[in-house]
Structures are given as C-alpha cells and as structure tokens.
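Undergrad: One structure, as structure tokens, below. Some questions next.
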Amino acid sequence: MRRTRNGFTLMELILVLAILVIVAAVAIPALSTMFSTHNLDAAKDAVHTQLTKARNKALEEGRVYKFAVKANTGTFRIAPDGDEFWGGSGSAGDDSGMGPESAVIEGNLPEKVCFSPKQGVGNSSGSGDWSIVATFLADGTALEDVAVGLSLDGSTNPVMINVKAATGAVATQPPPSPMGMGAH
C-alpha cells in the first residue's frame, strides 16, 4: 500500500527557487532597458511640448522667448528675452504669479535623460549656467534652425528635436538605427 504525501520535498522547493532566480536574472535587464526607453520617450515629448509652449508664448505676448538648457543635465528653462529674466542666478523666482519671474518656466527631464552636448547645446551664450538653444521671435518664427539632442546617460544615439527657423515648427527625429546608417 502506498502512502500519499501532503507537501513538497526540500529538493523540489530548491529547484523551483533556482528556476525563479534564473528567470529573474534574465528579465530584470530587459525591464531596465524598457523603462530607460520609456524615460527617453517621455523626455522627447516633454521637450517638444516645452519648445512649442515657448513659441506659443512668443506669439501670444508679442515678445521674444528663449529656450535654454544646462548642458549635460536634464534642466531646461523658458523665459522672455531680457536681463530681468536671464540676469543673476537664473532662478525662476517665486510662484506667486506676480512680477517678471512669473513668465519663467523651469523644468527637468525624466531621470537618466540629459541634453546632448554635441548637438549644439552649449554653443550659444546664455546667462550663468544656461545655454540658449532656441530663440522664438514675436511672429512665431525661430532665430535659426536648431537641433536639440536628448540622450540616456552614456548613450551615443541621441533623439533629435528640430526647430525650423522659417516657421518655428518643432519636429522630432528618431535616433539613428544601430544596424547601419541609411540601410533599407
């Protein structure tokens, strides 16, 4: 006569735990990459929105607005052109909505995403740590064609956001394919 058992042996439990550890070791790097890509997409959308916001504010208020960044960081700033907005420490002031600093918008990109320095960030003069990337004129056009690069920490394939001078239009360009440039 056979006896039935009511549980699992220690060997069976160890085997199941070992399989779970192996599956987790394979899945965690894949999930990490997925979340990093999500952060880059969110940053791309945020910068596209903020550049469009700077253009719209220039049109609505009838004055020049600038979009500036701190190179190799994820910090950006939108403010009208003028010493009262770009002089001194470059802080956004209080949030009371009163005074000249209420026109200033500052923000940060998602974690581990920064403005790419080799795409022209840092080549325009600014105030303090700020590098002027795009200047929108009162008619909604931009001062010059601009390419703003965004990259994950350590990445060599930035996502590009382009501003056209003639129209002030903002468009996103995907990163180059790692499988070879221009291969179809």
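The values are calculated or read from the model by the stated rules, or taken from the named source; none is laboratory data. Here the structure is a predicted model, which means the values were calculated and not measured. Here the Cβ is made from the backbone with ideal geometry for all residues, glycine too, and neighbour counts use every protein chain on show.
Undergrad: Would you mention how many residues in segment 6-58 are touching a residue at least 40 places away in the same chain (Cβ under 8 Å) and charged (D, E, K, R)?
TA: The number of residues fulfilling the criteria is 4.
Undergrad: Out of the residues in segment 84-112 that are aliphatic (A, V, I, L, M) and within 24 Å of the chain's Cα centre (by Cα), state the one that is modelled with the lowest pLDDT. Quick ask: steps written out before the conclusion?
TA: Narrowing segment 84-112 to residues aliphatic (A, V, I, L, M): 92, 98, 103-105, 109.
If we keep only those that are within 24 Å of the chain's Cα centre (by Cα) too, we end up with 92, 103-105, 109.
On the way: 92: 41, 103: 81, 104: 90, 105: 92, 109: 90.
Filtering first and then ranking leaves 92.
Undergrad: So, one more: Which of the residues spanning segment 62-83 are over 14 Å from the mean Cα position of the chain (by Cα), outside any loop (DSSP other than H, G, I, E, B) and surrounded by fewer than 21 Cβ atoms within 10 Å (Cβ to Cβ)? Break it down stepwise before answering.
TA: Step one: list which residues in segment 62-83 are over 14 Å from the mean Cα position of the chain (by Cα), which gives 62-66, 78-83.
Retained after the next criterion (residues that are outside any loop (DSSP other than H, G, I, E, B)): 65-66, 78-80, 83.
Passing the criteria: 80, 83.
Undergrad: In the list 58, 18, 27, which residue meets the criterion of being at pLDDT below 90 and at negative phi?
TA: Only one candidate qualifies: 27.
Undergrad: Continuing with this model, one more query. Which one of these does residue 47 not meet: (1) among the β-branched types (Val, Ile, Thr); (2) at pLDDT 85 or above; (3) over 22 Å from residue 116 (Cα atoms)?
TA: (3)
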